[in-house]
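The values are calculated or read from the model by the stated rules, or taken from the named source; none is laboratory data. All values reported here derive from a predicted model rather than from experimental measurement. For neighbour counting, all protein chains shown are included, and Cβ atoms are generated from backbone atoms with ideal geometry for every residue, glycine included.
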Amino acid sequence: MEQITDFYLFLLSVISISLSGVMTPGPVFAVAIAKGSKDKAAGFLISLGHGIVEFPLMLLIYFGFAGFLSASMAQKIIGVAGGLILIYMGVRTLKTQNEDSIRPSHSKHGSIVSGILATSANPYFLLWWATIGTALIMNASFFGFLGFSTFAITHWSCDLLWNTFVSLTVFKSRRFWTRKVQRAVFALCSATLTTFGVLFIVSAIR
């Protein structure tokens, strides 16, 4: 019973961290806005492209570093590094809350290809998975392969829901994404990322 409770708490943290990460400015977010102005299904297709890059990477981390992740020192290093990156992302998000939306890129391609390119071109994508993502996979591995699979699907679903919401919103009404809404969303993301960053570091040190 306690393990089930721990698993649900873990999934809750995955959802919070994943949503905060995907909602911050970046290439995928920009493409969702650019494509959403013309196609209401763009967010779904972009997420498929994102998943084509992300799922193999998650499997590689899980299977390729399983032995490494079991080491106590590795867990501490990953936890502290992931926490620092989360805090950095939180501060960076707070600084960018007053900026206009990022200029779209890769708009000449189809939505799926744009999702692949935008994901691959994001300099923080590999850094996120090398630190925060690896820490989450490490925690997911405690619940076996089923726990990892649930984590992978949950994480990607957060990308899917947000990208779909963004593209649908832009498609239906450009006026919805006001400066006030942008500030509120980015401030919430910043607080969530920073909080979990501190928790990651405290947990790793203990």
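Structure notes:
- The set of residues in the stretch 91-113 that are under 17 Å from the mean Cα position of the chain (by Cα) and modelled with pLDDT of 70 or more comprises Val91, Arg92, Leu94.
- Single match in Leu161, Leu168 (criterion: touching a Lys or Arg at 6+ places or on another chain (Cβ under 8 Å) and under 17 Å from Val22 (Cα atoms)): Leu168
- Every test in (1) in contact with a helix residue (DSSP H, G or I) (Cβ under 6 Å, 6 or more places away or on another chain); (2) over 26 Å from Met58 (Cα atoms); (3) at pLDDT 75 or above is passed by Phe186 save one, and that test is (3).
- Residue in the stretch 142-156 that is farthest from the chain's Cα centre (by Cα), counting only those that are of a type in the set (Ser, Thr, Tyr) and more than 12 Å from Tyr62 (Cβ to Cβ): Thr150
- Within the stretch 58-90, restricting attention to residues that are at pLDDT 80 or above and of a type in the set (A, V, I, L, M), the residue that is nearest to Ser47 (Cα to Cα) is Met58.
- Pair list, Cβ under 7 Å, 6 or more apart: the stretch 190-206 residue touching a residue at least 12 places away in the same chain (Cβ under 8 Å), other residue surrounded by fewer than 17 Cβ atoms within 10 Å (Cβ to Cβ) and charged (D, E, K, R): Ala204/Lys76
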